[in-house]
Every structure is written in C-alpha cells, then in structure tokens.
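S.K.: Structure below; questions to follow.
The values are calculated or read from the model by the stated rules, or taken from the named source; none is laboratory data. Not measured: the values here are computed from a predicted model. Ideal geometry is used to build each Cβ from the backbone, glycine not excepted, and the neighbour counts take in all protein chains shown. When the accessible area is computed, the model is the full protein with side chains, heavy atoms only, and any ligands, DNA or RNA have been set aside. Shrake-Rupley method; radii C 1.70, N 1.55, O 1.52, S 1.80 Å.
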Amino acid sequence: MLFGCDFSSAPTARKPIVVAVGEMAGADVVALTGLHRFATLDAWGDWLRDTPAWVGGFDFPFGLPRELVEHLQWPTAWDALIAHYAALSRAEIRDTFAAFCAARPGGGKFAHRATDAPAGSSPSMKWVNPPVAYMLHAGVPRLLAAGATLPGLHTGMHTDRIALEAYPGLLARELIGRRSYKSDDLVRQSPEREIARADLLAGLEAGRTRLGLRLQLTAAQRDGLRADAKGDELDAVLCLLQAAWARQRADSLGFGYGLPGAMDPLEGWIVSA
C-alpha cells in the first residue's frame, strides 16, 4: 500500500489527519484509491499499527537540526534523541526552543536542517506557524509504536512498513509557484485559491513534475479535491506522490528510497528534495 499523510498534532473532527491511499496503476501512474480521516492521534496511530506493508509519506519532520541538538547537549543518536524529546511536554519544548531563539541575532533565530534549503521547508524546531516541533513530538513516536522503519534513521520491527518524511509544498511550488491554494480561514477561501487547486490538479494529472508520475483520479475525486478549501486532502495526495516516487527508488544508492547518501542520520531528509 502507498499513502500520503497530511498531519495535525492536535486533530479534531473539523480538522482531522487525512491519509490519501493509492496504488501504482502503471509504471508512472499513481491511482488514488481512497481517503481516510482521523479525528484523534490514537485512532491514526492504531490504523498505522493495524495496516500491514506500506510505504507512506508523512508531512511532519522526522528530526531536529544538529546545531540545536548539540547546543542543548541532547543525545546525538537519533533513537536516543527521539526518546528524550518524546518525554518532554509541549510547554518544555516551547520554552527550550524560545530561549534558544532569544539568544540568537535577528535573521538567524532558528537553527535549520540541511534539507530545509532545498525543500523550502520550515525549521523543524518551530512551535508556531506551523507548529512542526509539536508535529514531530506527536507523530514520530506513533510511527515507532507501529513498528515502522524510517530509512537512514531507524530500523523498526517491520521492514515492510516504510515511513518517509514528505512535504507537499515542495511539489506544489513546482506546478503553481508561490500561489496560495488553501486556507483554514473561511474568509480567505477565495475563488482564486480554488483556481490554484484546479491548476495544481491538472499539473499532477498531466505528470508535469520532475517526479515523472501522473496522478489518476475519478471525476468525483477531482471535484472533491478541488472543493476542499482547506487543502488537507490535496496535501495528502501530494505526499502520496512523493511516497510513490520514493518507493520506485527503494534500492537506490545512499539510504535507499531516493534519500541522499550524505543525509545526516540525526536530522533526516525530505524525500525528493
């Protein structure tokens, strides 16, 4: 099974975790077969644990910047770092990271991972807008509890459950640049953003990205993705395509799955960056 996950560290029925499930329908075609929604972290974690044999792309960071970890004198082995991080409260994470930023000059408040520049992603230590530090805190321990293997970082109980860090913005920008295609704010859910979603879907279906994959949708699926003004379903689909690209490169050089051999085994990497 292939899937992509649009994640929330505090899901609700109104803003659930969304998982787009798909399969290869040809050498370069990814068919969307379903969408799942989870209103709680535990429900999502249970689904991961109970679903056998998958390759998934997850829209949350798998690691912290080495610069930050070394400055805080936290463990520099990934498994030990995650165990330490998971034991912290969100308030402790916020206060620790805020103090780190406060001591640094303007324009360089946050530490970055090596993958941030090529992916255009937010630093994984951000606790607001977006709160990716909390997403790491909520998401990675549940991947481990499901026995998943995170290539280059952790070998889990199940080597046929492959978790990869994905980032939908990386693929979206390839097709529509910096145009906004989603908003959680009702007053900002404009016709222009719906047009951007339509253009993004057209590009994905035509295979106009460097991933070399075409998205296969039914008319109903296309209409639903275009109508989803929050963009959660579309983001999950973008992660699905990144997971499919990675699976095609499972036996590639480096850590496999298209991950570079120079990847820092503490920080991790966003697939296809």
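S.K.: Any residue in the stretch 51-75 that is more than 21 Å from Q248 (Cα to Cα) and open to solvent by less than 40 Å² (accessible area, probe 1.4 Å) sitting within a Cβ distance under 8 Å of a residue that is acidic (D, E) and in a loop (DSSP other than H, G, I, E, B)? List the pairs, counting only those 6 or more apart or interchain.
M.R.: Within 8 Å, the pairs are G63/D264; G63/E267; L64/E267; P65/E267.
S.K.: Considering only residues that are out of contact with any His (no Cβ under 8 Å at 6 or more places or on another chain) and farther than 18 Å from M135 by Cβ, look in the stretch 76-94 and name the one that is most open to solvent (accessible area, probe 1.4 Å).
M.R.: Within the stretch 76-94, the match that is most open to solvent (accessible area, probe 1.4 Å) is T76.
S.K.: Please determine, by comparing only the residues of the stretch 182-223 that are open to solvent by 60 Å² or more (accessible area, probe 1.4 Å) and among the β-branched types (V, I, T), which one is farthest from G34 (Cα to Cα).
M.R.: V187
S.K.: Same structure, new question: Of all residues in the stretch 95-121, which are open to solvent by less than 30 Å² (accessible area, probe 1.4 Å) and within 20 Å of I82 (Cβ to Cβ)?
M.R.: Answer for the stretch 95-121, where residues must be open to solvent by less than 30 Å² (accessible area, probe 1.4 Å) and within 20 Å of I82 (Cβ to Cβ): F97, F100, A111, R113, T115, D116, S121.
S.K.: Still on this structure: Would you please name the residue that is farthest from the chain's Cα centre (by Cα), looking only at residues in the stretch 246-273 that are of a type in the set (S, T, Y) and at pLDDT 95 or above?
M.R.: Out of the qualifying residues, it is Y257.
S.K.: So F38 passes all but one of these: (1) in contact (Cβ under 8 Å) with a residue 60 or more places away in the chain; (2) surrounded by fewer than 23 Cβ atoms within 10 Å (Cβ to Cβ); (3) within 18 Å of the chain's Cα centre (by Cα). Which condition number does it fail?
M.R.: For F38, the failing item is (1).
S.K.: So, one more: Just checking, which of F97, F110 is modelled with pLDDT of 95 or more, farther than 27 Å from T149 by Cα and within 21 Å of the chain's Cα centre (by Cα)?
M.R.: F110
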